[in-house]
1. Tell me, what is the FRET efficiency for E19 and Y211 to the nearest 0.05, using R0 = 30 angstrom and their Cβ-Cβ distance as r?
2. Convert each backbone phi in segment 161-171 into a coupling constant with the Karplus relation 6.51 cos²θ - 1.76 cosθ + 1.60 (shift: θ = phi - 60°), then list the ³J(HN,Hα) values in order as whole Hz, x for Gly and Pro.
3. In whole percent, how big is the carbon plus sulfur part of the accessible area of segment 1-106, probe 1.4 Å, protein atoms only?
4. Limiting things to C-alpha atoms, what are the Rg and the maximum Cα-Cα separation (Dmax) for the chain, in angstroms?
5. Please give the contour-minus-distance gain from D320 to D193: 0.36 nm per residue of separation, less the Cα-Cα distance, rounded to one decimal in nm.
6. Which residue, chosen from V155, A112, A97, occupies the Cα position most advanced towards the positive end of the dipole of the chain, where the dipole is computed from +1 (Lys, Arg) and -1 (Asp, Glu) charges on Cβ about the Cα centre?
7. Give, in whole angstrom and from largest to smallest, the semi-axes √(5λ) of the equivalent ellipsoid of segment 286-366, with λ running over the eigenvalues of the Cα gyration tensor.
8. When the helix-only estimate is applied to the chain (DSSP H runs of n ≥ 4, each -39,500 (n - 2.57), divided by the residue count), what is the mean residue ellipticity at 222 nm, nearest 500 deg cm²/dmol?
Amino acid sequence: MIPVTVVKTGPEQEALVLEVLRSGQLAQGALVERFEDEFARLHGVGHAIAVNNGTTALVAAMKAHDLGPGDEVVTSPFTFVATLNAILDTGATARFADIGDDFNVRPDAVEAVTNDRTRVLMPVHLYGLVADMDPITELARQRDLAVVEDAAQAVAATYRGRAAGSFGTGCFSLYATKNVSTGEGGMITTDDDELADRLRVTRNQGMRQRYEYVLAGNNYRLTDLAAAVGIPQLSSIDEMTRRRTENADFYRHALADVPGLLLPPPVPPDRRHVYHQFTVRITDDAPVRRDQFVDDLRAAGVGSGIYYPRVVFDYDCYRDRPDVVSDDVPDAFRIAGQVVSLPVHQHLTDADRDAVAAAVRKVLSS
Ligand SMILES: *Cc1c(COP(=O)(O)O)cnc(C)c1O
């Protein structure tokens, strides 16, 4: 079976983890600080604040911008559920802007749902492709809104020479299956010194000095053990991205003319896609339905994933909630019914990707 995600650690991680175990400092300490410094440098920002997961990063970032009940956040309807849950956790209301063929929010759609109650624009850099940030940051500037990027899938992705997470307050996930992973973990990036200070204090029970509380905080800390797993990965990001891009380009050629299959649009030359996922669409006139396609691929020894099978608010638990607005997002509904992600990770061999392409072609010619 060729899996859609592989989690692997190497000797560098083993050595660093062992160092932490022997040091007796398992919780947040010097290694978290080193991880933050290297993460900030990689993204060209002044500060990176490590937290215990990506959902926490989003909640902490929004709360640091004083978001609360009555405020609205405009985000993507085509995202992992954490984006929505984080917004609801702050007490704010979630609004949704429809997506384009690149799977990211369309700036014109963001503008259309923005109103007097909007406080935060939250684009999601889905699959590792940065959303069209220039018009989004321009809209935020004109209306005096905060930009909180859900960059969970976009470590080291770039847009016009700038990294994901550098356009506003960046929120990254280091969950097990993400491109850079510590099992569980998250990172918040910002250039704003005051915001960074507030986030650091919030992360540690609102404590600046020992037992001196300056705000009502929480425990959002990451551990040195986790940082030891993450640090070595930062130095191999370019190599990982290069291999993921090669695999994606291979599929773009090998699958260019398969009926019923829609490839992702070409990556704009001003962006570096980090291919957290390589996602194709099974069109409505294909010989098999999307879910059948996934089953047939599995039978042929090829794993795949559906990220995400439905629009994020299209579940009973979110219906009839006044803080979840069912905005009109027809393209997100259509695309959610068509997407399948193929294995694109750096551990794929040439033979693996040949096998994936052959299986896709065969299933769609049945
Ligand atoms: C993974 C992910 C999150 C949440 O991160 P966790 O570390 O799992 O809490 C948020 N948004 C998106 C788009 C994600 O993919």
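1. Numbers: r = 30 Å, r/R0 = 1.00.
It comes out at approximately 0.50.
2. x, 10, 7, 3, x, 10, 8, x, 9, x, 10
3. On the way: 2200 of 4360 Å².
Accessible surface attributable to carbon and sulfur in segment 1-106 totals 50 percent.
4. Just the Cα atoms of the chain yield Rg and Dmax of 20.6, 68 Å.
5. Working: separation 127, 0.36 × 127 = 45.72 nm, distance 3.97 nm.
Gain on stretching D320 to D193: 41.8 nm.
6. V155
7. On the way: eigenvalues 205, 41, 19 Å².
Result for segment 286-366: semi-axes of 32, 14, 10 Å.
8. Working: 12 runs with 136 residues, N = 366.
The helix-only estimate for the chain comes to -11500 deg cm²/dmol at 222 nm.
The values are calculated or read from the model by the stated rules, or taken from the named source; none is laboratory data. Since the model is a prediction, treat every value here as computed from it, not as a measurement. Glycine also receives a Cβ, built like all others from the backbone with ideal geometry; neighbour counts cover every protein chain displayed. Each accessible area value is taken on the protein alone, full model and side chains, heavy atoms only, with ligands, DNA and RNA left out. Shrake-Rupley method; radii C 1.70, N 1.55, O 1.52, S 1.80 Å.
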